[in-house]
1. Being surrounded by fewer than 23 Cβ atoms within 10 Å (Cβ to Cβ), at pLDDT below 85 and in a helix (DSSP H, G or I) narrows it down to one residue among A:Gly177, A:Gly186; which is it?
2. I need the full set of residues from the range A:141-158 which are touching a residue at least 12 places away in the same chain (Cβ under 8 Å) and not in a loop (DSSP other than H, G, I, E, B), in order please.
3. Just a yes or no: is a residue in the range A:72-83 buried (at least 20 other Cβ atoms within 10 Å of the Cβ) and within 14 Å of chain B (Cβ to nearest Cβ)?
4. Answer yes or no as to whether A:Leu195 is at the interface with chain B (Cβ under 8 Å from one of its Cβ atoms) and either without any contact (Cβ under 8 Å) to a residue 60 or more places away in the chain or part of a helix (DSSP H, G or I) (or both).
5. Working only within the range A:51-86, note down all residues that are in a helix (DSSP H, G or I) and farther than 19 Å from A:Ala27 by Cβ.
6. Is it true that A:Val140 is among the β-branched types (Val, Ile, Thr) and over 28 Å from B:Ala166 (Cβ atoms)?
7. What number of residues in the range A:207-241 are in a helix (DSSP H, G or I) and under 17 Å from A:Ala106 (Cα atoms)?
8. Name the single residue, out of those in the range A:398-411 being over 22 Å from the mean Cα position of the chain (by Cα) and touching a residue at least 12 places away in the same chain (Cβ under 8 Å), that is nearest to A:Phe284 (Cα to Cα).
Amino acid sequence: MSAPLIWIGLPFALGILLLLVPRDHWAAWLGGIFAAFLSLLALLAPTDTALNVFGLFSLRIESTVSLLGRQVSLTPAAQLVLVLVYGIGAFWIFGGLAVGNARRLAALGLMSIALLTASLAIRPFLYAAILIQGAVLLAVFMLAEAGKPAGRGLIRFLVYHTLSLPFILFAGFLLSGVEVGPRDLGIVLQAAILLGLGFAFLLAIFPLSTWLPMLAEESSPYMVGFILSTFPTFALLFGLNFIDRYAWIRESEAFFQVLQAVGLLTALSGGLWAAFERHAGRIFGYAAVVEIGLSLAAVSLPDRMLGLEIVFFMIVPRALAYGTWAMSLAVLRNAAPDLRYQSLQGLARHYPVATLGVFISLFSLGGAPLLAVFPVRQALWEGLSAQGFLPALWMGLASLGLWIASLRCLAVLTMSPENTEWELRETPYQRVMIAVGVAAMFVVGLLPQWAAPLLENLAGLFSQISR
Amino acid sequence: MIELLHWLAAILVLFTSIVLLLSRDWRWSLVVLALQYLAIFPLFLIHWPLTMSAAKLVTGWMAAAILGITLNRQADVVPVRSNRIFKLVLALVVAGTVFQGASVLGEWMPTAGLPLALAALMLIGQGLLQLGMTVEPFRATLGLLTTLAGFELLSSPLDNSVLVAALMAAVTLGLALAGSYLLTLQFEPAPEVVE
């Protein structure tokens, strides 16, 4: 058995099969259980290690296979990513049962995750850009809703992601002769410009982030949430691979200064726009912009290992917040004609659990104490403060924007006439899923040490950065 | 003789990329797209073996066919919103910039050759122009296919890996499929709500 077959081939094949399963909830249960199993397997059975299964037989999962002359390899260092990504995948697929579209999410979601995992495994890593593009194309089928013409956000999502591919590939081809160091500054400069453009498109860096709020406004919040919790994470991992691979990037102080400025500008733009926004869906998009910006700021910290830990630590709290928020928004979207504030006014009396989900998730992403994102935000804020007042101020303003958006959202949702009766109109399954998400945000926030065992192998994943 | 063929191909690319931008009839657009893939075929042959170049040609034609089949079933008219003269002026501005850029590119990548550089930059420039002027799925797909073809042509002197060529062919077909799916949504009536 080889790891690429188990964590890439099988989920991709199952994704195709799930499209043929007759009932939506069967597809979701099958997909969710399989994703959870893969996450657990990654946790319990690291690759290239012989395991004695119940004293009956020995099992060893080979990390590498060869495909068309190239290596596809999931080393033990990738264990952390596999556990996280398939765990998060299971969480989203099970959540899909509460809000509809379960089959589309289970089938195409599993296929996307498999392709994104392959992007981490392929050698040379440059080819990851093409695999990420494959996942983007699958995402188009997830995001487009039947009977509704594709909106501007979806078209821009497709265009921007597709444009990133040739820029990154071309830069990689140029750099293939500059493996060791900057022997040819001209080529390095050209490649750096192309790479910068490619990643600006891929990661939705300001000002190329306009599609995010548009997409969040037009498409199903739950599908958008899934896309936003997986794609930027893998795009960032891909970017980290570049930093890890090329010494001239890794050792350039100017690069990290630019990265920090760009990251904080992106976060600030998202936070400010979120504070003034009057559409709950678009706020979701802006919050994602803030998250992307802060992830870039984390990578730019002078203590590179701390930056990596923050990036990886963020993955689960962010997925929890996105998941709970997206599910709550999906419930509200079914109850109101759209997610504009004037349509949502007073819905808290009829949908209190969904209202709680929206409020707590947004507050968590804002970095409120006791909630999941707080420990990691605090670490990042400390790191930025050590570099000066201005970076810390920018981050503070970005978070403040999300706090204001959260309070405005709560105010609108609770603004109902005096004698409106309280009701629970969410389905029992929706109530349970949102409540579990909210509770998990508190638990993860109160017990941040949960991530320590997972982060042990992090240095192996990016051996050069962590030195 | 071969050099002349390369120049003819580059001139054909110049023509097709501008016509693709100006064309209002989807049938003509797809014919021109197919011609465009035919034109870049001899340019790929400069650095790639015949089989890989032919795969690129066939993939492009298949992409055009996928879009054609979808539109044939769905609609006679694909909406176009902007003025042709305005587009032509912009296309000529881009063409002028490309002529300047191609000579600079020749210095960066001397192995590429001027016809290839000219054709590749023209495809990238006109493709990006197309993308900048539309949010229609059909036009956006044409723009993406054109831009991607330009980048692939430009990178052909740098990389001739079979795996990359195969994956890029899959991306081209995937783009055509995604584009045609979005087109079906554009023309599909909204499902009736059952009370």
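The values are calculated or read from the model by the stated rules, or taken from the named source; none is laboratory data. Here the structure is a predicted model, which is why all the values come from computation and not from measurement. All Cβ positions, glycine included, derive from the backbone under ideal geometry; neighbour counts span all protein chains shown.
1. It is A:Gly186.
2. Of everything in the range A:141-158, those that are touching a residue at least 12 places away in the same chain (Cβ under 8 Å) and not in a loop (DSSP other than H, G, I, E, B) turn out to be A:Phe141, A:Met142, A:Leu143, A:Arg152, A:Gly153, A:Leu154, A:Arg156, A:Phe157, A:Leu158.
3. The answer is yes; a qualifying residue exists.
4. Here the answer is no, as A:Leu195 does not meet what is asked.
5. The answer is A:Pro76, A:Ala77, A:Ala78, A:Gln79, A:Leu80, A:Val81, A:Leu82, A:Val83, A:Leu84, A:Val85.
6. no
7. 11
8. A:Cys409
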